[in-house]
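These notes concern the structure reproduced below.
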Amino acid sequence: MFDQKVDEILKETCVEISKRYEIEFVENGTDKDQVHFLIQSEPMYSPKKVIQIVKSITGREIFKRAPEVKRKLWGGKFWTDGYYVNTVSRYGKEETIQEYVKEQGIEEEYQQLYVQQLELFG
């Protein structure tokens, strides 16, 4: 579901969430069917609350600006109920997590194919 248009809507919406809430999106990484965020927020928000804010606002905005996405989804929900949360600590360095999130959606085979296509058709 994360084509270029949806990815752009997601990023723009995250910027707006940052302005409205004390939530900073340090890094976003999208793949065809999943999203990874590295988020920094004030301690007044629990991780669950941050996820609720992000999922509800981004889902609503994507459906509003790209209604074709809703028609493609079974059940009409953009996000699944599941999620994984971890906090950055002495056991999870921010730089390592940031690099992991940044690399989402960048597959080595895809990059090689793209380079080959540029060489052939470029």
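The values are calculated or read from the model by the stated rules, or taken from the named source; none is laboratory data. Predicted model, so just to flag it, every value in this text is computed and none were measured. Note: ideal-geometry Cβ built from the backbone for every residue, glycine included; neighbour counts use all protein chains shown.
Does residue 19 satisfy being closer than 19 Å to residue 99 by Cβ, free of Cβ contacts under 8 Å to residues at least 40 places away in the same chain and in a helix (DSSP H, G or I)?
Details: closer than 19 Å to residue 99 by Cβ: no; free of Cβ contacts under 8 Å to residues at least 40 places away in the same chain: yes; in a helix (DSSP H, G or I): yes.
No: the conditions fail for residue 19.
Pull up segment 1-16, narrow it to residues that are assigned to a loop (DSSP other than H, G, I, E, B) and in contact (Cβ under 8 Å) with a residue 60 or more places away in the chain, then point me to the one that is surrounded by the most Cβ atoms within 10 Å (Cβ to Cβ). Step through it out loud before you land on a result.
Of segment 1-16, the ones assigned to a loop (DSSP other than H, G, I, E, B) are 1-3.
The next check asks that each one be in contact (Cβ under 8 Å) with a residue 60 or more places away in the chain; those that pass are 1-2.
Numbers: 1: 15, 2: 18.
The selected residue is 2.
Give the residues of segment 22-52 that are touching a residue at least 40 places away in the same chain (Cβ under 8 Å), touching a strand residue (DSSP E or B) at 6+ places or on another chain (Cβ under 8 Å) and surrounded by fewer than 16 Cβ atoms within 10 Å (Cβ to Cβ), sorted by residue number.
26, the sole residue that qualifies.
I need the full set of residues from segment 53-79 which are closer than 19 Å to residue 28 by Cα, surrounded by 14 or more Cβ atoms within 10 Å (Cβ to Cβ) and among the small types (Gly, Ala, Ser), in order please. Reasoning before the result, please.
Initially, segment 53-79 is screened for residues closer than 19 Å to residue 28 by Cα, giving 53-62, 78-79.
Filter again for surrounded by 14 or more Cβ atoms within 10 Å (Cβ to Cβ), leaving 53-55, 57-59, 61-62, 78-79.
Once the filter is applied, which keeps residues that are closer than 19 Å to residue 28 by Cα, surrounded by 14 or more Cβ atoms within 10 Å (Cβ to Cβ) and among the small types (Gly, Ala, Ser), segment 53-79 yields only 59.
Can you name every one of the helices (runs of 4 or more DSSP H) wholly within segment 48-122 that holds 3 or more residues which are within 16 Å of the chain's Cα centre (by Cα) and either modelled with pLDDT of 65 or more or within 23 Å of residue 9 (Cβ to Cβ) (or both)? Reasoning before the result, please.
Numbers: elements: 67-72, 94-102, 108-121.
Counting at least 3 such residues, we get 94-102.
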